[in-house]
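Colleague: The structure follows.
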Amino acid sequence: MLHMESGTVSVFTAMADIPPEDWDRCAGPDHPYVQHRHLLALEESGIASPENGFHPRHLLLQDKTGKVVAAAPAYLKDHSEGELGVDLGLAMAHNRAAGPYYPKLQVEVPMTPITGPRLLVRESENKAETRLALLAALRQQAERENASSVQIAYMTAPEWEATEAAGFLKSEGNAYVWHNPGADTFEDVLAAMHSRGRSKIRRERKKVAAEGLTYRNHSDDSLTAEIAAPFFELYSATYNHNKTELWHNLAYFEQIFKTMADVQDLTFAYRGDELVAMQLSFLSEDTIYAQHWGHLGNIRFLHFELGIYQTVEVALAQGKSAINFGTTGQHKAERGIAMEPAYHSLWFRSPDFAEIAELGIKRKRAAAAKERDEENARLPYANGAEKESGR
């Protein structure tokens with residue numbers, strides 16, 4: 001337990017030891033990835049476990065009356081898996097210049113490189129002051145654990161801005177995010193594009209339609225633990241096809257289908273009676289997080305149909321303003337999905353190494369900005385008369 005001027009910080013080595021109501025009052029109702037039930041599923045399934053190099057060190061900040069006012073999902077990590085380059089190049093440099101890089105104290109949702117809140121502050125509290133208290137507590141915990149650093153991955157822009165005053169270095173990556181341009185229908189979305197972009201998408205959708213596939217949606221009561229097995233077959237087949245290690249296991253999906261069906265949307269695609277593909281999204285009040293795609297066959301353009309076009313149609317039907325498509329996939333820009341910054345912040349125990357790291361992080365931010373410019377130059381949006389014509 002840490003004692004601070006603003007209150008007391010408790011450190012928990014398992015999400016199961018934290019009362020869900022205390023955590024979720026800080027996490028809020030609109031960010032499913034940081035809710036207690038999701039973080040609990042990651043730990044109880046073994047994904048975010050000491051055996052896999054994740055040692056939970058979750059922080060809860062209580063004010064002087066004992067009320068929980070803030071929280072942070074934190075892990076001592078023995079690796080950088082699931083981050084997609086947040087600390088690219090830093091481990092080797094730290095080992096050479098300042099000693100062992102691992103463990104590091106990582107504030108994140110394990111194996112989930114999706115932007116969302118990481119410094120969870122109860123709505124009634126002063127966010128600026130409470131965030132600074134949390135950041136100070138994280139630095140103290142890193143000192144106690146002899147961790148090389150505190151790293152906060154895929155945080156929100158206001159949180160990112162707040163970290164600078166606490167001595168953190170601000171870094172950037174990128175993510176693909178679609179924002180509704182004011183459209184009511186998919187045809188409205190296409191009308192904002194130049195004719196080449198519209199033709200490409202219509203051609204792809206027509207070819208998938210010719211396959212005669214049927215689609216079945218599962219959410220709420222119809223999304224059950226029993227569905228996890230056929231889902232996982234598609235999920236794991238895709239990873240095997242790409243020759244990459246699985247990030248999640250069957251136990252995780254069984255648990256979230258049981259406990260989080262109200263914030264998920266799963267679509268299965270069938271060719272006759274054969275299950276050939278799936279798309280799983282998480283839902284918040286205004287955003288769809290299109291996270292998991294899987295397939296067994298090789299139906300051309302089905303990934304775009306199910307993973308992008310139908311997801312946009314769902315967003316329009318449900319009144320969502322945005323879709324987060326994650327950090328990878330260069331095919332997305334030419335189909336109307338823009339690239340925007342993903343925010344990270346890092347603090348190092350060694351001031352000397354922090355100066356070295358700052359140079360690398362500046363280069364990383366410049367490279368991320370260049371990548372955004374190049375990707376967004378490929379967006380299929382129209383100019384002038386061609387846009388208005390809707391051809």
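Colleague: Neighbour counts of other C-beta atoms within 10 Å: give me I356, I337 arranged from fewest to most.
Modeller: On the way: I356 17, I337 24.
With the sparsest Cβ surroundings first, the list reads I356, I337.
Colleague: Once the Cβ-Cβ distance between E143 and E81 is put in as r, and R0 is 22 Å, what FRET efficiency do you end up with, to the nearest 0.05?
Modeller: It comes to 0.35.
Colleague: Where nothing but the Cβ of Lys and Arg (+1) and of Asp and Glu (-1) is charged, how large is the charge dipole of the range 1-133 around its Cα centre, in debye to the nearest 20?
Modeller: Around 320 debye, computed over the range 1-133.
Colleague: What are the ³J(HN,Hα) couplings of the range 157-164, residue after residue, when phi is run through the Karplus curve with 6.51, -1.76, 1.60 and θ = phi - 60°? Round to Hz, x for glycine and proline.
Modeller: 4, x, 5, 4, 5, 5, 6, 4
Colleague: Ok, one more. Along the positive direction of the dipole of the range 239-383 (beta-carbon charges: Lys, Arg +1; Asp, Glu -1; about the Cα centre), which of A357, A277, Y239 reaches farthest?
Modeller: A357
Colleague: Each label point is 7 Å from the Cα along the Cα-to-Cβ direction; what then is the distance between the points at N242 and A157, in nm?
Modeller: 2.8
Colleague: Quick check for me: using +1 on Lys/Arg Cβ and -1 on Asp/Glu Cβ, what's the dipole size of the chain about its Cα centre, in debye to the nearest 20? Please list the in-between numbers first.
Modeller: Working: 41 positive and 54 negative charges, 262 e Å.
The calculated dipole for the chain is roughly 1260 debye.
Colleague: Among A261, H94, P29, pick out the residue whose Cα is farthest towards the positive end of the charge dipole of the chain, where Lys and Arg carry +1 and Asp and Glu carry -1 on C-beta, about the Cα centre.
Modeller: H94
Colleague: How much net charge surrounds T13 when only other residues with a Cβ under 12 Å from its Cβ are counted (Lys, Arg +1; Asp, Glu -1)?
Modeller: -2
Colleague: Also, quick follow-up: Quick one: 3J(HN,Hα) in Hz for the range 49-62, Karplus 6.51/-1.76/1.60 with θ = phi - 60°, rounded, Gly and Pro as x.
Modeller: 10, x, 4, 9, x, 10, 10, x, 9, 6, 9, 10, 9, 10
Colleague: What net charge do the residues around N180 carry, taking every other residue with its C-beta under 11 Å from that of N180, with Lys and Arg at +1 and Asp and Glu at -1? Please report the intermediate quantities before stating the final value.
Modeller: Details: positive: K320; negative: D184, D188, D286.
For residues surrounding N180, the net value is -2.
Colleague: Using a Gaussian network model of the chain with C-alpha springs under 10 Å, which one of H331, H241, H38 is most mobile by mean-square fluctuation?
Modeller: Looking only at H331, H241, H38, the biggest GNM fluctuation is shown by H241.
Colleague: Now for a separate question. Work out the FRET efficiency for N249 and Y215 from their Cβ-Cβ distance, taking R0 = 22 Å, and round it to the nearest 0.05.
Modeller: It comes to 0.25.
Colleague: Among bridges DSSP assigns within the range 43-137, what percent are antiparallel (round to 5)?
Modeller: Values: 13 of 13 bridges.
Counting only bridges with both partners in the range 43-137, antiparallel ones make up about 100 percent.
Colleague: So, one more: How long is the gain from S222 to R202 if the chain were fully straight, where each residue apart is worth 0.36 nm and the alpha carbon distance is subtracted?
Modeller: The S222-R202 span can extend by a further 4.1 nm.
Colleague: Let me ask something else about it. Summing +1 for each Lys or Arg and -1 for each Asp or Glu, what net charge is found among the other residues whose Cβ lies under 13 Å from the Cβ of A225?
Modeller: Neighbour charge sum, excluding A225 itself: -2.
Colleague: What size of dipole, in debye to the nearest 20, comes out for the range 172-230 about its Cα centre when the only charges are +1 on Lys and Arg C-beta atoms and -1 on Asp and Glu C-beta atoms? Can you show the working numbers first?
Modeller: Working: 9 positive and 9 negative charges, 136 e Å.
Using Cβ point charges on Lys, Arg, Asp and Glu, the range 172-230 gives about 660 debye.
Colleague: Over 31 Å between C-alpha atoms is what I'm after, so list which of K104/K243; K332/K364; K207/K364; K77/K127; K77/K243; K206/K258 land there. Please report the intermediate quantities before stating the final value.
Modeller: On the way: K104/K243 28 Å; K332/K364 22 Å; K207/K364 40 Å; K77/K127 27 Å; K77/K243 24 Å; K206/K258 36 Å.
Those over the limit are K207/K364; K206/K258.
Colleague: Using modelled amide H (1.01 Å from N, peptide plane; none on Pro or chain starts), what sits under 5 Å from the amide H of L169, excluding residues fewer than 5 places away?
Modeller: Result for L169 returns L346, W347.
Colleague: Based on other C-beta atoms within 10 Å, arrange M278, M339 from fewest to most.
Modeller: Values: M278 27, M339 23.
Lowest to highest Cβ neighbour count: M339, M278.
Colleague: What FRET efficiency, computed as 1/(1 + (r/R0)^6) with R0 = 30 Å and r the Cβ-Cβ distance, is obtained for E123 and M92, rounded to the nearest 0.05?
Modeller: The value I calculate is 0.10.
Values in this text are rule-based calculations from the coordinates and carry no lab data. Quick caveat: nothing in here was measured; it's all calculated off a predicted structure. Positions of Cβ are generated from backbone atoms using ideal geometry, with glycine treated the same way; all protein chains shown enter the neighbour counts.
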